[in-house]
Amino acid sequence: MFSIQNTLTSSEDAALKDNTVGTICLFQRGHAEIESCKELIKELERSSRSTNIKHEYDPDILSVGNSTSLTMGKLVVDQQPRRLPSTVYSNIVPLSERQLKMTGKFTIKAPSDKKDCSAFGVVFLPGGRIVVGDDSNREMKLFTEKGDFKFELKLTDASCDLCSIDNNTVAVTLDEVKIICIVNVGDSTLTVSSKIKIPKLDEDCFGVTYHNDYFTVGTNKSLYSVPESGGEPKKLLTIRSNCLHLASNQKNGHVFASINTTNPNEMTVIRLSNDTSTDILKVGVVKGTTGIDVDRQGNLYVCGYSSNNVLQMSGDGRNIRELLTSSDGIEHPRAISVWEDRMVITNESEDQINFVHLFQLV
């Protein structure tokens with residue numbers, strides 16, 4: 001800490017004296033000190049342990065008239081790894097600088113399912129609840145992040161994207177009947193609370209996201225705004241390919257549309273803000289985009305169905321990096337949902353279609 005403070009003070013002095021070479025040297029020194037600090041924090045996290053010491057003895061020793069040999073029992077020491085408080089660790093290393101690590105996977109195919117799953121939508125909710133939309137079996141399913149199956153809800157029509165409305169409510173699009181179905185999520189139940197019919201729409205509904213009492217819905221031709229209370233949709237933008245998924249930044253209201261195209265001349269991610277659209281990502285490193293989501297720090301996550309990868313990027317599209325590629329075993333990723341520093345991804349490859357994969361940014 002003192003080393004970094006000294007570098008900051010020296011940098012101010014060098015800048016005031018217009019010492020360009022000195023300023024560059026101090027910048028390099030400061031960069032090295034910051035990296036050293038990050039490594040120290042990681043090492044502290046790895047080495048941090050909680051220790052539990054207890055005395056174990058045979059309860060028969062307390063019996064009256066016991067003829068067994070007297071023993072004082074033994075001390076048992078149990079150590080478990082312990083994470084540093086999130087207020088310390090997460091503020092030091094932003095999510096945009098962490099690496100993605102797979103922490104597990106579980107099957108989403110229920111005994112009652114007659115077909116393999118098609119997990120076109122997924123939402124990761126607080127408390128480790130994961131809601132999956134299974135289009136093939138016309139169901140929504142509730143799991144814990146440990147893979148415990150809790151509930152299945154039958155749907156009346158083909159479904160696509162899912163989005164969260166709040167910590168205990170999700171929405172799902174029913175494609176052909178043009179309905180947004182609102183579902184309450186308990187610890188072990190899924191319950192339909194209402195259905196929003198979208199009138200005067202002759203296009204199938206795919207992507208959906210929610211912000212400030214309005215839904216944004218994506219079709220094969222357009223993006224629409226739909227009031228939570230119902231009513232006619234307002235056309236926001238005409239698009240060239242299917243918008244299968246949408247996501248919202250709840251802090252600034254930006255809406256991100258994932259356009260499923262492999263045409264190198266077309267945009268694959270579009271940002272909507274105050275009824276204006278901005279192209280932020282063109283087909284290139286990612287192709288055939290599907291799932292999309294935003295984390296608490298405004299980073300965007302994009303699934304490349306055709307390019308077999310997952311990107312992390314800033315909300316303006318300037319800073320882009322691949323988190324997962326085909327070499328990591330990712331194949332045809334479809335839906336993604338981020339909660340805190342964890343995320344869940346579904347896939348449409350033949351050997352992964354009945355599973356979801358869990359990841360953490362570490």
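Work out, step by step, the length gained on full extension between residue 351 and residue 166: first 0.36 nm times the residue separation, then minus their alpha carbon distance; give nm to one decimal.
Result: 63.3 nm gained on full extension.
Please report the net charge: other residues with Cβ closer than 12 Å to the Cβ of residue 22, K and R +1, D and E -1.
Net of charged neighbours comes to -1.
Order the peptides 311-318, 287-294, 209-216, 335-342 from the highest to the lowest mean number of other Cβ atoms within 10 Å of their residues.
Working: 311-318: 16.6, 287-294: 25.2, 209-216: 19.0, 335-342: 21.0.
Most protected by this proxy first, the peptides run 287-294, 335-342, 209-216, 311-318.
Report in % the part of the accessible area of the chain that belongs to carbon and sulfur, leaving out ligands and nucleic acids; probe 1.4 Å. Could you put the intermediate results ahead of the total?
Details: 9220 of 18720 Å².
Ligands and nucleic acids excluded, carbon and sulfur reach 49 percent.
What does the charge add up to near residue 317, with Lys and Arg as +1, Asp and Glu as -1, over the other residues with Cβ less than 11 Å from its Cβ?
Local charge sum for residue 317: +1.
Per 10 Å bin, what percent of the C-alpha pairs of the range 172-255 does each bin hold, from zero upward?
So the P(r) values, bin by bin, are 18, 51, 27, 4, 0.
Need the list of lysines near residue 74 for cross-linking: C-alpha distance under 26 angstrom, and skip anything on the same chain fewer than eight residues off.
Those lysines meeting the cut-off are 54.
Take the residue pairs 109/141; 114/178; 115/197; 178/235; 178/200 and return only those whose Cα atoms are more than 19 Å apart.
114/178; 115/197
First select every other residue whose beta carbon is under 14 angstrom from the beta carbon of residue 306; then total the charges, Lys and Arg +1, Asp and Glu -1.
Neighbour charge sum, excluding residue 306 itself: -1.
Once the convex hull of the alpha carbons of the chain is built, what does its volume come to per residue, in cubic angstrom?
Dividing the Cα hull volume of the chain by its residue count gives 220 Å³.
Hey, what do the phi angles of the range 231-247 turn into as Karplus ³J(HN,Hα) couplings, whole Hz, using 6.51/-1.76/1.60 and θ = phi - 60°, x for Gly and Pro?
Result, rounded to whole Hz: x, 5, x, 9, 6, 9, 6, 8, 10, 9, 9, 4, 9, 7, 9, 9, 8.
Please turn the phi angles of the range 261-270 into ³J(HN,Hα) values with the Karplus equation 6.51 cos²θ - 1.76 cosθ + 1.60 (θ = phi - 60°), one per residue in order, whole Hz, x for glycine and proline.
9, 10, 6, x, 8, 10, 7, 10, 9, 10
The values are calculated or read from the model by the stated rules, or taken from the named source; none is laboratory data. Keep in mind the model is a prediction, meaning the values are calculated, not measured. In this analysis, Cβ positions are derived from the backbone assuming ideal geometry, glycine residues included, and neighbour counts consider all displayed protein chains. Each accessible area value is taken on the protein alone, full model and side chains, heavy atoms only, with ligands, DNA and RNA left out. Shrake-Rupley method; radii C 1.70, N 1.55, O 1.52, S 1.80 Å.
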